[in-house]
Amino acid sequence: MPADKRLVLAYSGGLDTSVAIRWLAEHKGYETIACAVDIGQTGPPNPQTTGEGVGPGSTELKRVRQRALDCGAVDAEVVDATAEFAEDFVGPAIAANALYMGKYPLVSALSRPLITRHLVRTARAHGADAIAHGCTGKGNDQVRFEVTAMAIAPELTVEAPIREWGLSREAAMEWAAARDIPIPITRASPYSIDENLWGRTAECGVLEDPWIEPPAEVWERSVDVAHAPDEPEELTLSFVDGQPVAVDGKELGLVDLIAEVDRRAGRHGVGRIDMIEDRLVGIKSREIYECPAAMTILAAHRDLEDLCLEQELAQEKRSMEGRYAQLIYNGLWFTPLKTAFDAFVATSQRYVAGEVRLKLHKGHAAVVGRRSDRGLYVTGLATYDEGDAFDQSKAEGFVQLWGLPTKVWAQRQGPGSGVKPGSAPDPETPA
Ligand code: ARG
């Protein structure tokens, strides 16, 4: 069929996006350029699989490219964006201690704006009219793709073939077979997996019962605590401007550093997360995340901030971190509030420099030491030993004035004045 329009599809190599190529042609009149963005999803070498580190030249990604062409794409591109992902997306998330609901390091949420950016670049390079993603209508990822596109390329149309088509896996396979579309033989997994440098996510299958413990096969980047080494392992992370720059004194780029910490922390069972999550579309879902590097690096970074940030700044920063994580989760990466938060965070990181010593042991990455030339810890002020430079005589007046409003309240209105706090409920308030 002659296609009059051209579209760039975020291509994973899986069944859905492979079949979508033909569907977009038949139902929407698009010719498709497939775009596979490598953000380290093939993962660093891990303790449980033999997975070699792979890049865009790897046989796996060559296979993905060929598969797209075999399924009818007019062109297929593989973009290596791992370093860009680390620098532009993971780095800021580290600086902001970004954890959604205080638990989830935003593995997928961080990647969608980057993937969208590449879809847009490819679309512009090829004069395409639209971009497309393979998300269903039930998740957050559709929101992240589309809202990012609205922010950076409002002129482009976004197609969502899987959401629109709504076919089951079986029906999609039959539909493909009837058209002689080569169905990709992927390792059959009962789970929906998303993976990149910052971590791995798993949903579906037996995981949908929140009472059931995740089976061992779900995990890939970490060992079970029961099989983790009995001996703890020390790991020292160095930071400059709030970014990790070295492991045990050895300087590494962010991609290699994350891979190295992931491997070492994973060996001790660090970074397994099992949570009930509030999706933007209103669903509560059970999510499994495996993020050894993320949880280790964030623990170290937070600890170093406690040492280096002036306390008013530290408090304000902590209070915005949850909101910042929520913006990322909700697909609002390229928005004015996020940009303003970034400026605040960047300023705060100026003196977040130094070293953090961690002990990896049986599922924990525990901070056991920290030091910084720019730190605000003053031994003379903190010590209870000889050399105390803190003038305790000043404390008395300080406490008197600090407590003055409380004292005046107590005398005039508080428990001492005969009015029991909370004893006069609003009659409108239901019991
Ligand atoms: N619930 C997580 C999030 O919204 C993980 C999503 C994983 N995406 C996927 N297509 N499997 O960030």
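The numbers here are math on the coordinates, done by the rules we state, and not lab data. Source: prediction; values computed, not measured. For neighbour counting, all protein chains shown are included, and Cβ atoms are generated from backbone atoms with ideal geometry for every residue, glycine included.
Kirkwood hydrodynamic radius, computed over distinct alpha-carbon pairs, for segment 258-343: how many Å, to one decimal? For segment 258-343, the Kirkwood estimate is 15.1 Å.
Its Cα centre serving as origin, the chain has a Cβ charge dipole (Lys and Arg +1, Asp and Glu -1) of approximately 660 debye. Under the simplified labelling scheme, the Q411-T236 pair shows an inter-label distance of 5.6 nm, with each label point 7 Å from Cα along Cα→Cβ. Out of all DSSP beta bridges in the chain, what portion is antiparallel? Express it as a percent rounded to 5. Taking every DSSP beta bridge with both residues in the chain, the antiparallel ones total about 65 percent. Counting only DSSP H runs of at least 4 residues, each contributing -39500 (n - 2.57), and dividing by the residue count of the chain, the helix-based mean residue ellipticity at 222 nm comes to -11500 deg cm²/dmol. How big, in percent, is the set of alpha carbon pairs in segment 349-396 lying more than 18 Å apart? The share of Cα pairs beyond 18 Å in segment 349-396 comes to 55 percent.
Amide hydrogen proximity for A96: with H placed 1.01 Å from N in the peptide plane, no residue at 5 or more positions away or on another chain lies under 5 Å. About its Cα centre, the dipole of segment 55-184 is roughly 280 debye, where the only charges are +1 on Lys and Arg Cβ and -1 on Asp and Glu Cβ. Only Cα pairs under 8 Å and 6+ residues apart enter the sum, and on that basis the relative contact order of the chain stands at 17 percent. Using the Cβ-Cβ distance between E174 and D306 with R0 = 60 Å, the FRET efficiency computed as 1/(1 + (r/R0)^6) comes to roughly 0.55.
Size descriptors for segment 134-257 (Cα atoms only): Rg and Dmax, in that order, 20.8, 58 Å. Taking amide H as placed 1.01 Å from N in the peptide plane, K5 has its amide H under 5 Å from the amide H of E31, each at least 5 places away in sequence or on another chain. Rounded, prolate or oblate: which one fits segment 289-411, using the alpha carbon gyration tensor with axes a ≥ b ≥ c (rounded when a/c is under 1.5, else prolate when a/b beats b/c, else oblate)? Oblate. Ranking A202, L235, H364 by Cα position along the charge dipole of the chain, where only Lys, Arg, Asp and Glu carry charges on their C-beta atoms, puts A202 farthest toward the positive end. Spatially, segment 325-380 and segment 192-216 are offset by 27 Å when compared through their Cα centroids.
Taking a Cβ cut-off of under 15 Å around A300, the surrounding Lys, Arg, Asp and Glu residues balance to a net charge of -4, with basic ones at +1 and acidic ones at -1.
Give the shape of the chain as rounded, prolate or oblate, defined through the alpha-carbon gyration tensor: a ≥ b ≥ c are the square roots of its eigenvalues, a/c under 1.5 means rounded, and otherwise the shape is prolate if a/b is larger than b/c and oblate if not. Cα axes put the chain in the prolate bin. Amide hydrogen proximity for V37: with H placed 1.01 Å from N in the peptide plane, the residues at 5 or more positions away or on another chain lying under 5 Å are Y11, V79.
Centre-to-centre separation between the Cα atoms of segment 158-185 and those of segment 288-316: 43 Å.
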